[in-house]
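Here is the structure we will look at.
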Amino acid sequence: MSANQVESLLYGGEAPENRGAFQRYLLDVQRGKSLLQLKAVAADLTLEIRRWWSPRSFTRVQTSEGMFDEVVCNVSYHFHKHGRKYGSLRRMTEQATRLFRESRHQARFRQRDGLLQFPDGSLFELDGRIVTFVG
């Protein structure tokens, strides 16, 4: 997706009985993109942590409470999918950057997108910013 694209998460106060709205909400939770998840990540995402994450492959998300940028969406997705075992964004980021430092020699350069792919499937920009951390 292009960096200029915006995904809208439109919740107009639908009643819980609205099964369609509830199903959309559950899908958003599975993708790490519920409003609650995005707000929690945005609150914990310090400038120090933010600088280690790439916005690549994620779009901004518009919610009823505002816009969340690509980095917040990337971190929210990966924390939900792989990172909860670390207990915090800081600890997950530290583990990812340690993988980059200690295992860079094992990474394979992907010509098609210019990323470094590690044996566990994690992807990094050449400068060490995290695109995907499988952990």
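The values are calculated or read from the model by the stated rules, or taken from the named source; none is laboratory data. Since the structure is predicted, the reported quantities are computational estimates derived from the model, not experimental observations. Note that we place each Cβ from the backbone using ideal geometry, even for glycine, and neighbour counts take in every protein chain shown.
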Open item on the list: Anything in segment 66-102 that is over 9 Å from the mean Cα position of the chain (by Cα), closer than 18 Å to L38 by Cβ and aromatic (F, W, Y)? List them, or say none.
Closed with: F68
Task: Checking I130 against (1) more than 20 Å from A43 (Cα to Cα); (2) among the hydrophobic types (A, V, I, L, M, F, W, C); (3) crowded, with 17+ Cβ neighbours inside 10 Å, the condition it does not meet - done: (1)
Open item on the list: Return the residues of segment 69-102 that are farther than 21 Å from V6 by Cα and not in a helix (DSSP H, G or I); say none if nothing qualifies.
Closed with: G87, S88
Task: All positions within segment 121-135 that are over 14 Å from the mean Cα position of the chain (by Cα) and closer than 18 Å to V75 by Cα - done: G121, E125, D127, G128
Task: Filter result (assigned to a helix (DSSP H, G or I) and either more than 16 Å from W52 (Cα to Cα) or polar (S, T, N, Q) (or both)) within segment 103-115 - done: S103, H105, Q106
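Residue-by-condition table, conditions (1) surrounded by 14 or more Cβ atoms within 10 Å (Cβ to Cβ); (2) touching a Lys or Arg at 6+ places or on another chain (Cβ under 7 Å); (3) at pLDDT 95 or above:
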{"site": "F68", "(1), (2), (3)": "yes, yes, no"}
{"site": "L99", "(1), (2), (3)": "yes, no, yes"}
{"site": "Q106", "(1), (2), (3)": "no, no, yes"}
{"site": "F109", "(1), (2), (3)": "no, no, yes"}
{"site": "G114", "(1), (2), (3)": "no, no, yes"}
{"site": "F118", "(1), (2), (3)": "yes, no, yes"}
{"site": "L123", "(1), (2), (3)": "yes, no, yes"}
{"site": "V134", "(1), (2), (3)": "yes, no, no"}
Open item on the list: Please go through (1) surrounded by 18 or more Cβ atoms within 10 Å (Cβ to Cβ); (2) of a type outside the set (K, R); (3) under 21 Å from E7 (Cβ atoms); (4) under 12 Å from the mean Cα position of the chain (by Cα) for T63 and return the number of the only condition it doesn't satisfy.
Closed with: (4)
Open item on the list: Just checking, does segment 54-63 include any residue being of a type in the set (D, E, K, R), closer than 24 Å to Q117 by Cβ, at pLDDT 90 or above and out of contact with any Cys (no Cβ under 9 Å at 6 or more places or on another chain)?
Closed with: no
